[in-house]
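Down below is the structure, laid out as structure tokens.
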Amino acid sequence: MIKNEFQTLTEIASSMDLAIREPITYPLDLYVTISPDRLINVIQELKGQYNVSHLSTIIVQDLGEEYKLLYPFSILLSKGKLGKLILDTRIDVNNAKIDSIVSEIPGAIYYEREVYDMMGIHFKNHPDLRRILSPDSLPRDIYPLKKNITAEEIRRILAERRREKEAEEKLKEYIRREQLEFISEKSDYAIAVGPQHPALEEPIRFVFQVEGETVKDVELRIGFNHRGLEKAFENRTWSKNLYLAERICGICSDAHQLCYVQAVEKCAKIADEIPERAKYIRTILAELERIHSHLLWYGVLAHNTGFDTIFQVTWRDREIVMDILEEISGNRVNYAMHAIGGVRRDITQEQVTRIIPQLETLRDRIKEHRFMMTKETSFVVRQKGIAPLTREEALSLCTVGPNARSCGINIDIRRDDPYAAYDHLSFDVPVVTEGDIFSGLVIRLEESLIAVDLAIEALKTMPQGDLRIKVPGKIPPGEGISRVEAPRGEDIHFVQSNGTNKPERIKVRAPTLANMPSLKKRLIGIQVADIPPVIRVIDPCVGCMDRVTFIDSKKGKILELSGEHLISRGNRAYRLGTRVLDF
Amino acid sequence: MVKIFDFIPLLKEVTKNLLRDTVTVQYPFEHVKVPDGFRGAPEVNPELCIVCKNCEKECPTQCIDITPVNPAELQNYSLGQGKPFWFSINLSQCMFCQVCEESCPVKRKSSQSAITLNHERWRLAGYNLEETIEKKLVYQKSKEKSKTITQEVESNGIN
Amino acid sequence: MKISLTNPIIKLLSYAMIYVLVIAGSFLLFRNFPLIILIFKYFLFPGISFILVGSLFYSWFERKIYARMQNRIGPPLLQPFYDILKLLIKEDITPDGVERLEFNIIPPIQLILALLIAFFTPIYIAEGLISFEGDVFFLLFLLAVLAGSIFLVGWSSNNPYGLIGGSRAAIAELSLEIPLTLAFIGPAILAGSLQLSNIIKSGYNLIDIPLNVIFKPEAYNLLNLLYIIPLSIQFYIAVLSANAVLEKVPFDPAHAETEIVGGWNVELTGKKLLFSHLANLILEFGLAGIIAAIFLGGPGFWPLDSLTKGLLVIGSWDIFYYFINVLTFLLKTTVVIFLITVSRTVLSRLRIDQLVRYFWRYYLPIIFLALLMIIYLIGVL
């Protein structure tokens, strides 16, 4: 990311003649309205003059007469701040076509497929417009997010289809066609990895075309952990959604909850009034979760390459962090510390004096891990130089998080778009340029050490004060968008309220979806034996990735397409009893 | 030993591990120590509960169920105890989030909540589903008091 | 250490005692019937039964040490036995499209081959159950046949993972044959014979050379100590190649569990998997025994010979001498297996092309140099 000479987003918007949407509450989130035909030109101008290349996600909403599409772009301003310029276009329901931006921003390929899948908006000139998250047995003319169909109807159709032989045959035929087409074009035979495979923790399906031991092409299918969470968000009040948001993912649960809470606070315009102590506690929790996630990551990376000793040893040390988290928040996963307006629990001084020595031990242990992993030749030789990604490719594919930093892109949401207490703390952001698996390992090791230091510093310098402020049950109407640096990258939540005590639309884009295009790029050309470490290096968290689906505007009725049409294990499926249907 | 001295980086860790005790806690025979703030299963204290039904409303999974009970079905019931209710918690639906404890108005008045998450109660496995629903009798002494507390809490906003 | 039946060491000793008594009893009982003694030799001791028990014990030992090095507890003593029982009761499925003949017949053949290799191991005297001139080469031939059978199993199972695993195993075998052969040839040159028992009796191995130099200085002068250098290099390479034959980390891309879901034995279930698995365990025992025999001196510890020989002689058997020989054999095999386990703990899995490169580019020249050094030293001394 290259800095611009402009200081605020309004300057950029006015210099490009864009219509700014009033009122501006947070100057770093600027909404501008443009018409759909101007979209490509605006993006080209942004790319050429303002060095913009990072698109976070594409948000779509069905407003009855028209569709609203939001494109949040990240712009690096002169003071080092990362602003969000959000392009707002409207297209007519009866003519749902818009230009695809994949030619300008290759990383938007999966976002557009998702919008097509959910709403049926057709993107012209998209290289591969197919469904991405819905099941195969869904009929072609049904788009789950539209208002003209209810969730109950879709569930009924899917259940019928599954009972028919026809659906089974169609599915088999689809798989056979997918594999045969693939094989006959390019190479000798195809290997399918997933949805169940010892190298994967969560279900994804890859079909690799191999020749000998080299991978020639890969076909990716996601959507196995698709749970209907965006619909589920709409049927619960704001405070109950806190507990749903943290269950999007088990490893980055705190990041999702924090992002949701910040988005709601921005929507309610109270983001500046959060007490300082609450902000520090949020920071501490986020950093502890980062340590735990990275320790998990390199344990599993070692296990995938057969190095079980490192796996056992790092997971033994991960227990230290889990015990600390258990003591602070009461649970080892799903901490539920955040509340709208602050945090729910306090960290007492006695706990602080108990935690800091444990963190010091952990720091020494992580240093030992670093010595063991970076110096052991048989481990390093499996990682150096494998599946590299250049900086330009990473930028154009919109990679986020440690993957971007391992390719030489110096971006970190904690430093550039600070939230919680990060503007009071100083920390380094390690960046490496090689872009292979070894640099991913090095970056995450350094980040764990920095996270330990940050947590200790935040614990020591925490100010006294309140823990939360009172927030009314009904959030005033508006929009809120916020992002955090989850252990895997940039996690972004968008919240729209219509004045009631339940949200109107919530959109979540988890970091793994942003890293998927770069995964596909990395997988081509490697050897079969390297497939698990390469999949591992982007730190896939499929539970985060697949959460989107059905939105039904008819409030109050049904919801779940929970386990019925999911193809494989959804052990993070939110189990609802029949009583919830009385909402 | 792939190249000549490759085993050296891990040698220290491996010899240390050979010489010291294992970290495995053999669970049924040894016990894990659980910190005080751990979120175990909720249990209601019938002496403090005023049956304002706030926890039932705020529970995200709707696992608390407070239903009135006909006094004729109870033994040892005397009129001075108040109106009886069955307070049942479905432990298989509970997600141990502590919202019930936070939303209890008794906690605000006397800093001790009527429904608490007991940090010792986490060995909840059973042999059949009926065991997961726990029922206790609670008594509502005065209906007006419960109503005023509920209204007061509602006006103060989100818990 | 508490003295109770739950303590694994006490358990081990009690099982061992019972076993020894049964064997000794059955041999003594029938000592006048040579045919029955012959059958006992092949089936009880040192035949199939002893080899099975030994390989199960060493499988446990290896897993226990591996776990302790990772700060875990590890399995109980009878765990390998329970694994075998479990595999016996599982359903045996042959998938569609496999070549039925190869698929069904090769796992038992693997077991037979492994047992055959283990029969060469010298357990209580310098000769194994089978011993003839040139048996070192025959062993290597059997290993090659074993690798070929692995490839056939992988290829005939109708699964791309199996095919990849099988081809990787074949490639690995091709790479490791020459270093392993040369590693065995070194002591054979020193002994002047290709028969395993002669190699042991010649006394040119890592333990006997220092002892000879110390205790018999008139026959062996100090320069003989120089033999230790090439012999230890060859020992090292032999241990690594044994690791590769047995498909253990770092040399197990052929059946990498987390990458290709089991490789060549991905479609084996039930009894077929049992035979494959047992073949692996028995091969480990046999190979470790043979390496211990060639490089560490086999059963027996000759300074103790004068003490133990002739103490307890029944018929033509020197019982106490044999007993001590078996104990030293077990001890030496334990050392070799310990080294194999340490390398398994401390290293990570290599890719197949890296394995090939390491064997051809690094191990082969080193072992050539070691061999040259031996030949030179023979000429000089």
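The values are calculated or read from the model by the stated rules, or taken from the named source; none is laboratory data. What you see is a predicted model, and the numbers here were worked out from it, not measured in a lab. Note: ideal-geometry Cβ built from the backbone for every residue, glycine included; neighbour counts use all protein chains shown.
General remarks:
- Take the conditions (1) at the interface with chain A (Cβ under 10 Å from one of its Cβ atoms); (2) of a type in the set (D, E, K, R); (3) in contact (Cβ under 8 Å) with a residue 60 or more places away in the chain; (4) not in a loop (DSSP other than H, G, I, E, B); B:Arg39 misses just one of them, which is (4).
- If you check A:Glu446, A:Glu393, A:Glu485 for being among the charged types (D, E, K, R), part of a helix (DSSP H, G or I) and at pLDDT 90 or above, only one passes: A:Glu446.
- Looking across the range A:475-487, just one residue is within 14 Å of another protein chain (Cβ to nearest Cβ) and under 21 Å from A:Glu246 (Cβ atoms), and that is A:Ile475.
- Test set (1) more than 14 Å from every other protein chain (Cβ to nearest Cβ); (2) assigned to a helix (DSSP H, G or I); (3) modelled with pLDDT under 90 - A:Leu258 fails condition number: (3)
- Of the residues making up the range C:66-105, those that are in contact with a helix residue (DSSP H, G or I) (Cβ under 7 Å, 6 or more places away or on another chain) and among the basic types (Lys, Arg) are C:Arg68, C:Arg72, C:Lys90.
- Any helices (runs of 4 or more DSSP H) falling wholly within the range B:51-123 and containing at least 3 residues that are under 30 Å from B:His31 (Cβ atoms) and not small (Gly, Ala, Ser): B:99-103
- Subset of the range B:97-107 [surrounded by fewer than 20 Cβ atoms within 10 Å (Cβ to Cβ), in contact (Cβ under 8 Å) with a residue 24 or more places away in the chain and within 14 Å of chain A (Cβ to nearest Cβ)]: B:Glu101, B:Glu102
- The criterion of at least 3 residues that are over 20 Å from the mean Cα position of the chain (by Cα), more than 14 Å from chain A (Cβ to nearest Cβ) and farther than 19 Å from C:Ile51 by Cβ is met, among helices (runs of 4 or more DSSP H) falling completely within the range C:237-337, by C:270-296, C:305-308.
- Some residue of the range A:380-399 being in contact with a His (Cβ under 8 Å, 6 or more places away or on another chain) and away from chain C (no Cβ under 14 Å): yes
- Residue check, A:Arg365 within 14 Å of chain C (Cβ to nearest Cβ), modelled with pLDDT of 90 or more and in contact with a helix residue (DSSP H, G or I) (Cβ under 8 Å, 6 or more places away or on another chain): yes
- Among all positions in the range C:282-302, there is at least one residue which is within 18 Å of C:Ile199 (Cα to Cα) and surrounded by fewer than 16 Cβ atoms within 10 Å (Cβ to Cβ).
- Candidates A:Leu129, A:Leu39, A:Leu69, filtered to the one that is in a loop (DSSP other than H, G, I, E, B), in contact (Cβ under 8 Å) with a residue 12 or more places away in the chain and touching a strand residue (DSSP E or B) at 6+ places or on another chain (Cβ under 8 Å): A:Leu129
- In the range C:95-118, the qualifying residues are those that are surrounded by fewer than 18 Cβ atoms within 10 Å (Cβ to Cβ) and either of a type outside the set (A, V, I, L, M, F, W, C) or touching a Phe, Trp or Tyr at 6+ places or on another chain (Cβ under 6 Å) (or both), and the one that is nearest to C:Phe137 (Cα to Cα) is C:Pro108.
- Those residues of the range A:42-63 which are touching a Ser or Thr at 6+ places or on another chain (Cβ under 8 Å) and in a loop (DSSP other than H, G, I, E, B), in sequence order: A:Val52, A:Ser53, A:Ser56
Residues checked against (1) over 25 Å from A:Ala455 (Cα atoms); (2) within 14 Å of chain C (Cβ to nearest Cβ); (3) surrounded by fewer than 21 Cβ atoms within 10 Å (Cβ to Cβ):
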position	(1), (2), (3)
A:Phe224	yes, no, no
A:Arg236	yes, no, yes
A:Asp254	no, no, no
A:Cys267	yes, no, no
A:Ile281	no, no, no
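- Given (1) within 14 Å of chain C (Cβ to nearest Cβ); (2) modelled with pLDDT of 90 or more; (3) within 25 Å of the chain's Cα centre (by Cα), number of the condition A:Met322 does not satisfy: (1)
- Residue in the range B:5-15 that is part of a loop (DSSP other than H, G, I, E, B), touching a residue at least 40 places away in the same chain (Cβ under 8 Å) and not β-branched (Val, Ile, Thr) present: no
- So C:Ile337, is it within 28 Å of C:Pro179 (Cβ to Cβ), aliphatic (A, V, I, L, M) and either without any contact (Cβ under 8 Å) to a residue 40 or more places away in the chain or in the same structural domain as C:Ala244 (by TED's automatic domain parsing) (or both): yes
- The requirement of being surrounded by 12 or more Cβ atoms within 10 Å (Cβ to Cβ), assigned to a helix (DSSP H, G or I) and either within 13 Å of another protein chain (Cβ to nearest Cβ) or at pLDDT below 85 (or both) is fulfilled nowhere in the range B:23-35; no residue meets it.
- Residues that are out of contact with any Lys or Arg (no Cβ under 8 Å at 6 or more places or on another chain), assigned to a helix (DSSP H, G or I) and among the aliphatic types (A, V, I, L, M) were ranked within the range A:173-232; the one that is modelled with the lowest pLDDT is A:Ile183.
- Residue count for the range B:77-95 under the criterion of being within 8 Å of another protein chain (Cβ to nearest Cβ) and surrounded by fewer than 18 Cβ atoms within 10 Å (Cβ to Cβ): the result is 0.
- Beta carbons closer than 8 Å, at least 6 apart along the sequence or on distinct chains, pair a first residue in the range A:461-474 that is more than 14 Å from chain B (Cβ to nearest Cβ) with a second that is assigned to a strand (DSSP E or B) for A:Asp466/A:Gly342.
- Residue in the range C:38-50 that is surrounded by fewer than 19 Cβ atoms within 10 Å (Cβ to Cβ), touching a residue at least 60 places away in the same chain (Cβ under 8 Å) and of a type in the set (Val, Ile, Thr) present: yes
- Of the residues making up the range C:65-90, those that are touching a residue at least 24 places away in the same chain (Cβ under 8 Å) and either assigned to a helix (DSSP H, G or I) or within 12 Å of chain A (Cβ to nearest Cβ) (or both) number 10.
- Within the range C:216-224, not a single residue is over 26 Å from C:Phe368 (Cβ atoms), among the basic types (Lys, Arg) and touching a Leu at 6+ places or on another chain (Cβ under 6 Å).
- When residues in the range A:488-520 are screened for being in contact with a strand residue (DSSP E or B) (Cβ under 7 Å, 6 or more places away or on another chain), in a loop (DSSP other than H, G, I, E, B) and away from chain B (no Cβ under 14 Å), 2 of them pass.
- All positions within the range B:108-136 that are surrounded by fewer than 15 Cβ atoms within 10 Å (Cβ to Cβ) and among the β-branched types (Val, Ile, Thr): B:Ile133
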